[in-house]
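Step one of this worksheet: look at the structure below.
The values are calculated or read from the model by the stated rules, or taken from the named source; none is laboratory data. Computed from a predicted model, the values in this text were never measured in an experiment. So basically every Cβ, Gly included, is an ideal-geometry build from the backbone, and we count neighbours across all protein chains shown. Side chains are part of the model used for accessible areas, which takes the heavy atoms of the whole protein and leaves out ligands, DNA and RNA. Shrake-Rupley method; radii C 1.70, N 1.55, O 1.52, S 1.80 Å.
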Amino acid sequence: MKRSEIKRRPLADTVVDALEAEKSDYRELHADGVYLRVRSNGGKDWQLRYKKPDGKWAWLGLGGYGKGAHHLTGQQARQKAAELTQKARDDGTSLSIAKKAAEGIVDASDTLAGLVASWIETKRSKWTPDNFTRTRGMLDRHVIPTMGQRAYRDIQPDEWFALFKRMEGLGILESLSKIRSYCKDAYTFAQIQGWIKYNPIEGQHKFLASGQSENYPHVSPEETPQLIRDIRSHGARHISIGLQLMMLLAVRPGELRQARWDDFDLDAGLWTIAADSKKERRDFILPLPCQAVRLLLELRTYSTGVPWLFPGRDDPINTPASNMTFNQALNRMGYKDRQTPHGMRHLFSTAANEAGKEYRIVDSALAHKVMGTEGVYNKAQYLNQRRELMQWWADQIDLLAVSGLAKVQTA
C-alpha cells in the first residue's frame, strides 16, 4: 500500500501492516503527535513529535511496531505517548528523562547519588573539611545504599518517610534530623535548577521525632575516675594517648583527629588549630598543660614521618584516622552509648563550672562562639587565663584517677 492511499487517521494496524517502504525513510502521522516511521529497509517504529523547552521540535522514540513484549500496536503507541507526556508534566522533567525513568534506564546524573554529589559540591567552599567529609559519610551510610541508584524524581514522599521512621526507630535522632535536612536541601537545589517541581521531603519534620533531645553521651562524675583509669590502661598506646588528649584538652574530636605535627609548638606549649577546621573560621590557639606536652612528646616517638598525629590506616600520608577510631575504642572498653569522644567536652565543662571557674574563660577554652562585641577578641583571647584553667583541669584528672573521688577541687 502506498502512503498516498491513506484515507483515515489514526492509522489502523492493517494499514500500518500494508504500508510499503520507499527509497528513503518517511513518517506518517498516526494521531496525537504520534508518527509511524517506515524505514527504507521495511522496518517500522513509532515516534512522538514534541516541542522542547527551548521551542525547538524533536523526536522521541516510543518503540517498534508489532505485537509482542517489545513492540507496540498503534493504540499502545498513543497510550505510551500520553503516559510519558503526563509523567514529564507531573515531574517537571523532559520527555526523554521521563522515558528513561519509565524504562528503568537512569543516567548517573539522574540518580539520587548523582543529585547528592552535585548538591554537596556546592557546600565544599562553605563547610569545614571535617564537616564536608562527615556529611558525605552520613549520607553514604544511611541513604545511598538503599536509594542511591534510583532516579531521585521517582522516590515518593512515603518512601522517604519510611526511611526516616526506620532511623527514628533506631534512636539516632540527631543523625535523622541532619540527614532529613541534607536530603531536603538537595531536592531544593534540584528545584532551583528547574529539574523538579516539588520537594518530596517538604513538611516531613512535623511527623518525626526531633533530634534536639539527643546529646553526646558522657559518664557521670562518679564514673569519671574509672573512665580515666580505663583510658590510661588501654592496650593500644597511641589510642590511649589520643583519648587522654581528648579529655585533657576538651577539643572537638575532628580537631584532634586531623591535627598535624606542624600545628604544635611543644617548647612553648601551644597548639594552633587552623581556621578551616573551626566553626568560627578563625585560628584558635590552645595552651597545652604539661601532661599533654609529655603525651605528645611520647606520641612523636611513634611517628613514622607522616604529617598527622593520628594517621589513617589505608593512606597514612594523605589522610588522618577515621572519625570512628576513638569511638570504637571507647565502645570496646565498655562505654558504648555511655561515653563518646565529643562527650569529653561535657566532662570538662561540667567540672569547670561546678568548680566556680569564670564562665567566659570556660567558654573560650571550649572555643564556643560568643556573639556581639564580647566575642571580638584576637586569636589568642584569654590565653594566660586559659593556660591556668587547662593546667588546673589536667591536675584534676590526675587527682581523680588516683583518689577515685567524683568531685574536683576548687583550688
- With respect to the numbered conditions (1) modelled with pLDDT under 90; (2) closer than 27 Å to Arg252 by Cα, which one is the sole condition not fulfilled by Tyr182? (1)
- Message: So, in segment 294-324, exactly how many residues are small (Gly, Ala, Ser) and out of contact with any Lys or Arg (no Cβ under 8 Å at 6 or more places or on another chain)?
- Response: 3
- Message: Just to check your reading of the model, which residue among Ala81, Ala108, Ala98, Ala77 is small (Gly, Ala, Ser), modelled with pLDDT under 85, crowded, with 18+ Cβ neighbours inside 10 Å and out of contact with any Ser or Thr (no Cβ under 7 Å at 6 or more places or on another chain)?
- Response: Ala98
- Item | Cβ-Cβ under 9 Å pairs, at least 6 apart or on other chains, segment 309-320 side part of a strand (DSSP E or B), far side loosely packed, with under 11 Cβ neighbours inside 10 Å | Pro311/Thr304
- Message: Among the numbered criteria (1) open to solvent by less than 60 Å² (accessible area, probe 1.4 Å); (2) at pLDDT 85 or above, which one does Asn131 miss?
- Response: (2)
- Query: Restricting attention to segment 170-197, and to residues there that are more than 23 Å from Asp140 (Cα to Cα) and free of Cβ contacts under 8 Å to residues at least 60 places away in the same chain, which single residue is most open to solvent (accessible area, probe 1.4 Å)?
  - Reply: Ile192
- From the list Ala351, Ala401, Ala406, which residue is of a type outside the set (Phe, Trp, Tyr), open to solvent by less than 40 Å² (accessible area, probe 1.4 Å) and modelled with pLDDT under 85? Ala406
- Query: Does segment 9-38 hold any residues that are closer than 14 Å to Arg49 by Cα, of a type in the set (Lys, Arg) and open to solvent by 50 Å² or more (accessible area, probe 1.4 Å), and which are they?
  - Reply: Arg27
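For the condition surrounded by 16 or more Cβ atoms within 10 Å (Cβ to Cβ), part of a loop (DSSP other than H, G, I, E, B) and in contact (Cβ under 8 Å) with a residue 40 or more places away in the chain, what is the one hit in Val251, Val306?
Val251
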- Query: Considering only segment 1-52, how many residues are within 21 Å of Ala88 (Cβ to Cβ) and either modelled with pLDDT under 90 or not in a strand (DSSP E or B) (or both)?
  - Reply: 5
